[in-house]
Amino acid sequence: MSTESLLRVSSIQVEGLFDLYDHQVDLKPDDRVTILHGPNGVGKTMLLRMVNDLLIGRYNLFLQIPFRRFTLIFTDGSEIELTVDPHPSQANSRPFKMLVLSLREDGKQKETLEIPSGEDILSRAEAVAREFPWISRVGENQWFDERGDYLMTSEEVVELYTDGTPPRGSKHLRVRSEPEWLKGLRGSVTAHLIEAQRLLRLSISRSSGYPARPRNVHRVLEYASDLRARINDTMARYGQQSQRLDQSFPKRLLTHKLTTLSADDLKTRMEKLDTKRAELKEIGLLDEPEGHPFDTAALDHLDQVSQKAMGLYVQDTSEKLEVLTDLARRTRLLLDNVNHKFLHKRIRIDREAGLVAERDDGAPLELEALSSGEQHELVLHYDLLFRVRPNTLVLIDEPELSLHLAWQKRFLPDLLEIVDTARFDVLIATHSPYIVGDRSDLMIGLGEDPV
């Protein structure tokens, strides 16, 4: 699906949150960054989680918290609404919830989906774990599939195992009974939550016998590995493109109708290629020497056939380097944003290690030995630059954590630059006036007065 066909969230509404608050958040469409502020306890973080969980199809959160209605309005005018009703069969016994998910178009309800109660989900997940011994509970609402090697929520356990046919090897868990209209909506709208706890991720250790045990993984190490994979993939495509063009060069030179470039045009284009090569070498993507294996002064004395050959060479070189352009742009922005803040150390990329930290004198540093503020800065920028698709709604909780005031002041300008490049929307929850700076026009206050 092209980014042009993706929907954007234009407004978020919740009624009766915690039985106290009604909130309406109209996102800023032009700057694409909206900032939530307000006292503790009014639901800023909860609002981010509700948006994320609704868009990715997780409902356990909505079965646990008090609310009456939650609505997302999209740029095409359609709405998806989640409401709460008493479960008819449990009206006279212990409290149950039934969620009703509705799609509304032109103000009219078009499609609905009923979602089972939370107590049902937990008890059914426990029953699944008893039936399938490779599923174990590792947290309040987390289960681990030993055979498939992935974590699940209670809801996902029920959704995937409820018909008695366990899934194999898929980490992208979806509701099996999800109707086509809801699948279509999820294919058009995406969310990406960056939580306050972003330096560590719960994983599973499988090296010390059975059963598996949860452990924490440093995000900086995980992202270094992720970048290494991206570099390897990009360099493989660069090699394939180079091989394809080199092998077909003689045939294209002899059979294709080629544009003849003047000596001045050739020099100009080759100077630009030299500059691009130097930039790629500086950030660590290319090892080859700068420049060309011949004197560009000789371009003034080429015959017509040689001029055509050189024109084709310039065109091919440009096509080869274009494969590296997107990765280089994101990497450059990452390095610029973090390195101008770090003191007496810097981050660079390495084709073998992905991300490398070192002191000013070149002595290596372990990534996980960086300060918490430095890790927050690196993890957050990497997440935004490499792990977010265009037109995604990015939800960032408390970006100010562990950041010096000077870094907090730089956060929003850096973010706006990234957003302008990567083209996604951002909703931020923060307590820091330094994050907002002079952009109070982007702020929306929540919950000073309970309803």
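Only the coordinates and a few stated rules stand behind these numbers; no lab work does. Everything numeric here is computed off the predicted structure, so don't read it as measured data. When we count neighbours, we look across all protein chains shown, and the Cβ atoms used for this are built from the backbone with ideal geometry, even at glycine.
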(message) Check which residues have an amide H placed less than 5 Å from Leu261's amide H, if you skip close sequence neighbours.
(response) Gly311
(request) Quick one: of Lys251/Lys281; Lys44/Lys108; Lys108/Lys183; Lys272/Lys308; Lys320/Lys341; Lys281/Lys409, which pairs are farther than 27 Å apart, Cα to Cα? (result) Lys251/Lys281; Lys44/Lys108; Lys320/Lys341; Lys281/Lys409
(request) Step through the residues of the stretch 394-408 one at a time and calculate ³J(HN,Hα) from phi using the Karplus curve (6.51 cos²θ - 1.76 cosθ + 1.60, θ = phi - 60°), rounding each to whole Hz and writing x for Gly and Pro. (result) 8, 10, 10, 9, 6, x, 7, 4, 6, 9, 4, 4, 5, 6, 4
(request) With all distinct Cα pairs included, what does the Kirkwood hydrodynamic radius of the stretch 221-326 come out to in Å, to one decimal, could you say? (result) 15.3 Å
(request) Could you sort 19-28, 252-261 so that the peptide with the highest average Cβ count within 10 Å comes first and the rest follow in order? (result) 19-28, 252-261
(request) For Tyr21, enumerate residues with amide H under 5 Å from its amide H, sequence gap 5+ or separate chain, H modeled in the peptide plane. (result) Gly16, Val451
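Could you give the length gained on full extension between Asp265 and Asn339, defined as 0.36 nm per residue of separation minus the Cα-Cα distance, in nm? The partial results should precede the final answer.
Values: separation 74, 0.36 × 74 = 26.64 nm, distance 3.66 nm.
Here the segment from Asp265 to Asn339 would lengthen by 23.0 nm.
Gain in length, Arg439 to Ala406, computed as 0.36 nm per residue apart minus the alpha-carbon separation, to one decimal in nm?
Values: separation 33, 0.36 × 33 = 11.88 nm, distance 1.60 nm.
Working it through step by step, the gained length comes to 10.3 nm.
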(request) Pop out the ³J(HN,Hα) list for the stretch 362-376 in order, Karplus 6.51 cos²θ - 1.76 cosθ + 1.60 with θ = phi - 60°, rounded to Hz; leave Gly and Pro as x. (result) x, 5, x, 10, 6, 4, 6, 8, 4, 5, 4, x, 5, 5, 4
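Between Asp360 and Ser242, take the C-beta separation as r, use R0 = 35 Å, and let me know the FRET efficiency to the nearest 0.05. Numbers along the way, then the final one.
Working: r = 36 Å, r/R0 = 1.02.
The pair Asp360/Ser242 has a calculated efficiency of 0.45.
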(request) List every residue whose amide H lies under 5 Å from the amide H of Met443, counting only residues 5 or more places away in sequence or on a different chain, with H placed 1.01 Å from N in the peptide plane. (result) Ile35
(request) Provide the FRET efficiency to the nearest 0.05 for the Asp85-Lys108 pair, computing r from the beta carbons and using R0 = 25 Å. (result) 0.80
(request) Return the whole-Å distance between the Cα centroid of the stretch 410-451 and the Cα centroid of the stretch 3-37. (result) 12 Å
(message) Just to be sure I understand the model, the point goes 7 Å from the Cα along the line to the Cβ. What's the resulting Leu258 to Ser123 distance in nm?
(response) 7.7 nm
(message) For a Förster distance of 41 Å, can you work out the FRET efficiency between the beta-carbons of Ala298 and Asp233, rounded to the nearest 0.05?
(response) 0.65
(message) Quick one: 3J(HN,Hα) in Hz for the stretch 347-360, Karplus 6.51/-1.76/1.60 with θ = phi - 60°, rounded, Gly and Pro as x.
(response) 10, 9, 9, 9, 5, 8, 10, x, 10, 10, 10, 8, 6, 4
(request) Using the Cα centre as the reference, give the magnitude of the dipole from point charges on the C-beta atoms of the stretch 314-388 (Lys, Arg: +1; Asp, Glu: -1; all else neutral), rounded to the nearest 20 debye. (result) 160 debye
